[in-house]
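Accompanying notes for the structure given below.
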Amino acid sequence: MKTKTIFLFVIISVLLMTELSAQNFLTDSYYQNYHKYKEEAIKSKRFTNADILPLIEKLKSNNLFEVTKLGESLLGKDIYQLKIGNGKTKILAWSQMHGDESTATMALFDLFNFLKADDDFNKLRELLFENLTIYFIPMLNPDGAEIFTRRNAGMVDLNRDAARLQFPESKILKKVRDELEPEFGFNLHDQSSYYTAGNNFKTATISFLAPAYNYEKEINEVRSNTMKVIVDLNNELSKIIPGHIGRYSDDFEPRAFGDNLVKWGTSSVLIESGGWKDDAEKQFIRKLNFISLLVAFESIAKGNYNSNNIDYYFAIPQNERLLYDVILRNALIEIHGKEFLMDVAINRNERINRNGEKTYYSSISELGDLSIFYGYEEYDLSNMKLEPGKIYKDDYYHELEKEDLTELLNDGFTDFLSDTLYVKEIDLRKTKVNLFTDKERKSTNEIRLFRNANFVVKKDDQVKYLFINGFLVNPKVDFTTVENGLLID
Ligand SMILES: [Zn+2]
């Protein structure tokens with residue numbers, strides 16, 4: 001009889017728990033309603049401290065937030081903390097310790113809009129504010145953000161300054177951590193878009209890590225709590241981006257903040273925003289960050305994570321660097337008079353032009369058998385020849401008739417002579433071909449590692465396609481839609 005009762009109790013508990021965990025997270029509602037909270041003042045990934053200060057200023061007048069200036073960066077830019085909630089469990093979340101990793105900063109401002117709103121999510125807000133006190137530091141490295149670069153103004157990677165603590169930004173983070181002794185930390189970064197989640201073609205769009213606190217990678221309670229929160233994050237995000245969640249390498253780095261925070265007693269979750277096809281500005285991944293943080297806060301406020309099994313953390317596929325922007329497969333390439341079957345990988349590296357606009361410089365990143373790699377874009381060039389793009393010096397580009405230009409493209413020319421004045425006036429983003437101003441130009445295009453990706457694709461000796469600065473151009477159809485020509489000077 002007694003055994004039967006216990007058995008029944010277990011069954012009911014299991015049913016209740018399943019029921020609870022099925023209903024526990026509001027992931028779907030976050031996804032559906034995100035647009036209401038998106039901070040419209042930030043539209044793309046490149047923005048500076050000057051762009052976020054007015055937003056912080058506005059939040060000062062909201063009673064929910066306690067805004068404190070924590071200090072200044074090396075070049076004197078203000079670094080702020082925003083505090084919200086009155087709960088027992090303290091959480092510290094900081095973003096953009098690396099200046100060119102801004103995805104989470106965008107999401108934090110969306111999150112602030114969410115937290116201060118008054119709508120159907122009020123019950124959740126009550127739950128968060130009663131159980132948690134959350135401290136946010138958006139943009140820990142404003143000097144790096146100013147020029148969209150990883151390091152601070154001392155040319156140091158702040159995530160290697162957690163032990164030595166030389167720079168004001170690192171000191172600020174350490175001081176806040178020591179004063180608050182938060183139970184949980186959220187260390188918010190971006191990683192290269194060339195990682196996959198495991199050995200397959202799926203981009204690692206979000207990656208998580210429960211950092212190690214020693215070389216042995218031992219698991220104590222602080223670290224296992226991090227893993228348990230990540231289990232919830234992985235489960236919930238898998239509903240939106242199944243297969244696109246990776247696990248970051250847990251090699252111990254004694255100079256990094258995440259690793260040290262665990263050592264100091266804070267369960268710190270590393271969230272890395274990676275790549276997603278056609279999301280160079282990371283606006284979709286921004287939304288995923290927003291959802292991740294809410295799921296994590298929900299899990300901690302309700303204590304859900306406690307019942308998670310860390311085996312599910314280890315089941316998340318590891319990050320692998322298997323991606324390129326473009327892969328051309330099975331092309332025939334002539335080298336020293338002989339033909340070889342080769343794949344060519346191209347990466348499109350972002351550059352800012354003289355007007356502060358984003359352009360690309362595409363280079364050949366790898367050559368040879370790339371059958372184990374994947375491309376965001378892939379082209380099968382079986383039975384086709386790949387040759388270097390030709391250089392045209394006989395007339396100025398802007399003096400060519402449209403018919404002549406079409407004919408030249410169909411002849412395999414990718415680079416055209418231009419005069420300096422013309423180049424100064426035009427919008428380079430709208431240039432369909434590569435332009436150069438040196439009539440005596442000696443350099444040619446070559447299919448060699450790290451060279452600019454300018455190719456002619458030929459089938460049966462006819463030009464089928466061009467690749468101009470890494471972008472496909474069909475000279476017979478739509479070359480006018482390509483807007484990524486390069487100025488070679
Ligand atoms: Zn980073």
Checklist entry - Where in the chain are the DSSP H helices whose alpha-carbon span along the long axis reaches 15 Å or more and whose Kyte-Doolittle mean is at least -0.5? => result 2-24, 49-60, 103-116, 221-237, 283-302
Checklist entry - Using r as the Cβ-Cβ distance of TYR215 and GLU66, and R0 as 41 Å, what FRET efficiency do you calculate, to the nearest 0.05? => result 0.55
Checklist outcome for this item: For the stretch 323-488, the charge dipole (Cβ of Lys, Arg +1; Cβ of Asp, Glu -1; about the Cα centre) points to a positive end, and the Cα of LEU409, ASN452, LEU341 closest to that extreme belongs to ASN452
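Please find the FRET efficiency linking LYS116 to LEU472, where r is the Cβ-Cβ separation and R0 is fixed at 60 Å, and quote it to the nearest 0.05.
Working from the Cβ atoms, E equals 0.85.
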Checklist entry - Does the stretch 80-130 come out rounded, prolate or oblate, given a ≥ b ≥ c as the square roots of the eigenvalues of its C-alpha gyration tensor, rounded meaning a/c under 1.5 and, failing that, prolate meaning a/b above b/c? => result oblate
Item to check | Counted charge near ASN122, where neighbours are those whose Cβ lies closer than 15 Å (Asp, Glu -1; Lys, Arg +1) | outcome: -2
Checklist entry - Under a plain spin-label model, where a point goes 7 Å from the Cα along Cα-to-Cβ, how far apart in nm are GLU440 and SER371? => result 4.9 nm
Checklist outcome for this item: Neighbours of VAL176 by Cβ distance under 13 Å: Lys/Arg at +1, Asp/Glu at -1, summed charge +3
Checklist outcome for this item: Non-local residues with an amide H under 5 Å from the amide H of ARG151, with H modelled 1.01 Å from N and Pro and chain starts lacking one, are GLY99
Item to check | Mean separation of Cα contacts under 8 Å, 6 or more apart, over the residue count of the stretch 323-488: relative contact order % | outcome: 24 percent
Next on the checklist: Tell me the relative contact order for the stretch 2-321 as a rounded percent, counting alpha carbon contacts under 8 Å between residues six or more apart.
Outcome noted: 21 percent
Item to check | Restricting the stretch 202-254 to chymotrypsin sites (Phe, Trp or Tyr not before Pro) in coil, as DSSP defines it, with at most 12 other Cβ within 10 Å | outcome: TYR215
Next on the checklist: Please list, in order along the stretch 200-210, the HN-Hα scalar couplings obtained from phi with the Karplus expression 6.51 cos²θ - 1.76 cosθ + 1.60 (θ = phi - 60°), rounded to whole Hz, x for Gly and Pro.
Outcome noted: 7, 7, 7, 4, 7, 6, 10, 10, 10, 8, 9
Checklist entry - Just the Cα atoms of the chain, one point each, no solvent: what log10 I(q)/I(0) does Debye give at q = 0.05, 0.08 Å⁻¹? => result -0.24, -0.59
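As an exercise, use a Förster radius of 41 Å and the Cβ-Cβ distance of SER238 and ASP427 to find the FRET efficiency, rounded to the nearest 0.05.
In this case the efficiency is close to 0.45.
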Checklist entry - Between rounded, prolate and oblate, where does the stretch 88-230 land on the alpha carbon gyration tensor, with a ≥ b ≥ c its root eigenvalues, rounded for a/c under 1.5, else prolate if a/b exceeds b/c? => result rounded
Checklist entry - Given H placed 1.01 Å from N in the peptide plane, which residues other than close sequence neighbours of TYR360 have an amide H under 5 Å from its amide H? => result ARG351
Checklist entry - Residue-wise, which Karplus ³J(HN,Hα) couplings in Hz belong to the stretch 371-386, taking 6.51 cos²θ - 1.76 cosθ + 1.60, θ = phi - 60°, and x for glycine or proline? => result 5, 8, 9, 10, x, 4, 10, 9, 10, 8, 9, 3, 6, 10, 9, 10
Checklist outcome for this item: With x for Gly and Pro, the residue-by-residue ³J(HN,Hα) of the stretch 246-252, computed from phi through the Karplus equation 6.51 cos²θ - 1.76 cosθ + 1.60 at θ = phi - 60° and given in whole Hz, is x, 10, 6, 4, 9, 4, 5
Checklist outcome for this item: Shape call for the stretch 243-342, from the Cα gyration tensor axes a ≥ b ≥ c (a/c under 1.5 means rounded, otherwise prolate when a/b beats b/c, else oblate), comes out prolate
Checklist entry - Counting Lys and Arg as +1 and Asp and Glu as -1, what is the net charge of the other residues whose Cβ lies under 11 Å from the Cβ of SER443? => result -1
Item to check | Contour excess over end-to-end distance, with Cα ends at TYR361 and ARG164 and 0.36 nm allotted per residue | outcome: 67.2 nm
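Coordinate-derived values only; no laboratory data. Model, not experiment: these values are computed from the prediction. Cβ atoms come from the backbone with ideal geometry, glycine included; neighbour counts cover every protein chain shown.
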